[in-house]
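Sharing a structure with you now.
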Amino acid sequence: MNTHASDVLVIGSGIAGLSFALKLAGRRRVTVVTKKERAASNTNWAQGGIAAVVGDDDDPELHIRDTLLAGAGLCHTSAVRGLVRDGPERIQELIAWGVRFSRAAGRLALGREGGHSRRRIVHAADLTGREIERALLEALDAHPDVEILEDHLVVDLVVGIDRATGERRCAGALVLNRRTGAAAEYHAPVTLLASGGLGRAYLHTTNPDIATGDGVAMAYRAGAAVANLEFVQFHPTALYPAGDHAVLISEAVRGEGAVLRKRNGEPLLDGVHPMGSLATRDVVARAIDFELKDSGEPHVLLDLSPIPPEDIERRFPYISAACAERGLDIRHEPIPVVPAAHYACGGICTDAFARSSLPGLLATGEVACTGVHGANRLASNSLLEAVVYSHRAAQLVLGQPPCTVDIDRPQFSLGTRAADTSDEARWRGLLAAARTLMWEDAGIVRSNERLARAESRLTEWKEQVDKEFARVQLDARLVELRNIIDTALLIVRCARGRRESRGLHYNVDHRDRDNERFLRDTVLVSHDLWEANGPWNQHR
């Protein structure tokens, strides 16, 4: 097997991975590995924007308060304060890199989203993520020392022994070239996982095809701690019918005045939450779920009539076009909406400098669990978290001398039999079954019985997939299926360990919040549920 070496290996080409690579460009040899085209990421689909305190009527304490309230008691306060403090500087850095945010009267135009007490969402119309990706990729084009490998899928992390300390250390990754089918090891003393989310573990999701939970699965298999995976955020407003890939209707639409209504026209959130349709996502998604089950209707309505038609066209061109393709004129008609899996608030445990519990492995963006989001992410804090922690990770790398890692041989035992049509059919069936199971048994509303059933079935499927992985030649479809099964099982195990309802985790058998026993993170290490307050928990 061929090997390649660089100073830093970056896995993922979203805002987290690209901003990190850009800060190291010209100072370290950087290799960026991305599964598809380099602009294919969750960042590219982000409509809303980046939350930061830049308005005259805003204050850092308000942003901190809003984030803590959304997080339902599980946010790490120091992490939230650091995020809010560093936010404005990171916004200015993005502008310096060429990001063209929307402006009004010569100043940054600010939107408002659910859970925010002020207008603080810096955006580029309703295609903020795509604009950020464009600017970062163009900036990286000026640095030929940063190699970006498209259509390369990371299979597993390489783990070796640090010569200086004698401890286990991440030393790169096994990478599959999707175009040629060839595998190679990419070695580096520092690896940044910025591989994005896990939405494809669910039947209905706003995430692109690449969001298969790869980073969480491979980090856990390598021995890194993961946490809070029970807190999967379901975006309340995906265009109905959601299908396999849901069209997101940004929360910013409600921030401009749109109102969620039942099919009979009654406001959905009246009497449910004082912020009405601008309540946090967990509240709104659950309210829609209850309404659909109670009424038997297939969707609720998002009424845009409070917004002037000319403002709809100016502020939401992408949403307007996506709805028009389905014959819907949102200037004069309400949008039919349902919830869809959207964002993982949990992930790989990291500290304030993006370090995981496995030395040599950093993680930023959605794949990481920094303590910022707690039990429910405040809207548009995600892109901010990505750039803040990638900045800190880059400063950490630049401030440390490189180390030498000894790698055991052989590290990977790969299958040799070529996959056939029956294998592929079986994988498709397992994938569909797993995603349906997660939607039904580990979705917005859960129960002890459904979670136990999900864990039993996923454990059985994991055994099947692991056996196939050991026999069959590396195949991208099997690699992603393995990661989805592994990640789904981690989500369910975390959910079973939290015997209360908090934030995005709602269990009908434990409807109340239990601060006495569960005001802590759910940390998983090597398949064991860590019930005690470990060192990572002490950051709160």
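The values are calculated or read from the model by the stated rules, or taken from the named source; none is laboratory data. Source: prediction; values computed, not measured. No Cβ is skipped: glycine too gets one built from the backbone with ideal geometry, and neighbour counts run over all protein chains shown. Protein only, heavy atoms only, side chains kept; ligands, DNA and RNA dropped before computing areas. Shrake-Rupley method; radii C 1.70, N 1.55, O 1.52, S 1.80 Å.
Looking at the range 229-275 only, could you name the residues that are in contact with an Asp or Glu (Cβ under 7 Å, 6 or more places away or on another chain) and small (Gly, Ala, Ser)?
Hits for the range 229-275 are Ser250, Ala252, Gly255, Ala258.
Can you tell me how many residues in the range 246-285 are open to solvent by 40 Å² or more (accessible area, probe 1.4 Å) and touching a residue at least 60 places away in the same chain (Cβ under 8 Å)?
Of the residues in that region, 3 qualify.
Give the residues of the range 440-455 that are surrounded by fewer than 18 Cβ atoms within 10 Å (Cβ to Cβ) and of a type in the set (A, V, I, L, M, F, W, C), sorted by residue number.
Val445, Ala452
Okay, moving on. Could you pull out the residue among Leu140, Leu74 that is buried (at least 21 other Cβ atoms within 10 Å of the Cβ), more than 17 Å from Leu384 (Cα to Cα), out of contact with any Ser or Thr (no Cβ under 9 Å at 6 or more places or on another chain) and at pLDDT below 95?
Leu140
Between a first residue in the range 324-335 that is in contact (Cβ under 8 Å) with a residue 12 or more places away in the chain and a second residue that is open to solvent by 90 Å² or more (accessible area, probe 1.4 Å), which pairs have beta carbons less than 9 Å apart while being 6 or more apart in sequence or on different chains?
Sorted first by the residue in the range 324-335, then by its partner, the pairs are Arg331/Glu310; Arg331/Glu313.
Could you list, in sequence order, all residues of the range 456-498 that are charged (D, E, K, R) and either crowded, with 19+ Cβ neighbours inside 10 Å or touching a Lys or Arg at 6+ places or on another chain (Cβ under 6 Å) (or both)?
Correct list: Glu468, Arg471, Asp475, Glu480, Arg482, Asp486, Arg493, Arg496, Arg498.
I've got another one for you. Go through the range 389-426 residue by residue and tally those that are surrounded by 15 or more Cβ atoms within 10 Å (Cβ to Cβ) and either of a type outside the set (S, T, N, Q) or not in a loop (DSSP other than H, G, I, E, B) (or both). Spell out how you get there, then give the answer.
Quick first cut of the range 389-426, residues surrounded by 15 or more Cβ atoms within 10 Å (Cβ to Cβ) only: 389-394, 396-397, 403, 405, 407, 411, 414-415, 419, 423, 426.
Imposing the further condition that a residue be either of a type outside the set (S, T, N, Q) or not in a loop (DSSP other than H, G, I, E, B) (or both) reduces the set to 389-394, 396-397, 403, 405, 407, 414-415, 419, 423, 426.
The total comes to 16.
Anything in the range 313-333 that is in contact with an Asp or Glu (Cβ under 8 Å, 6 or more places away or on another chain) and under 17 Å from Ser277 (Cβ atoms)? List them, or say none.
Those that are in contact with an Asp or Glu (Cβ under 8 Å, 6 or more places away or on another chain) and under 17 Å from Ser277 (Cβ atoms): Arg315, Phe316, Ile319.
Name the residues in the range 302-342 that are aromatic (Phe, Trp, Tyr) and surrounded by fewer than 21 Cβ atoms within 10 Å (Cβ to Cβ), would you?
Tyr318, the sole residue that qualifies.
Using the structure shown, decide if Asp351 is open to solvent by 40 Å² or more (accessible area, probe 1.4 Å) and not polar (S, T, N, Q).
Spelling it out, it is not the case that Asp351 is open to solvent by 40 Å² or more (accessible area, probe 1.4 Å) and not polar (S, T, N, Q).
How many residues are farther than 22 Å from Ala72 by Cα and either touching a helix residue (DSSP H, G or I) at 6+ places or on another chain (Cβ under 7 Å) or of a type in the set (Asp, Glu) (or both) when one looks only at the range 269-297?
The qualifying residues number 3.
Scan the range 100-123 residue by residue and report those that are among the hydrophobic types (A, V, I, L, M, F, W, C) and open to solvent by less than 10 Å² (accessible area, probe 1.4 Å). Break it down stepwise before answering.
To start, the set of residues in the range 100-123 that are among the hydrophobic types (A, V, I, L, M, F, W, C) comprises 101, 104-105, 108-110, 121-122.
Within the range 100-123, Ile121, Val122 meet the criteria.
Can you tell me which residues in the range 226-249 are assigned to a loop (DSSP other than H, G, I, E, B) and of a type in the set (A, V, I, L, M, F, W, C)?
Leu229, Phe231, Ala242, Ala246, Val247, Ile249 - these are the residues of the range 226-249 that are assigned to a loop (DSSP other than H, G, I, E, B) and of a type in the set (A, V, I, L, M, F, W, C).
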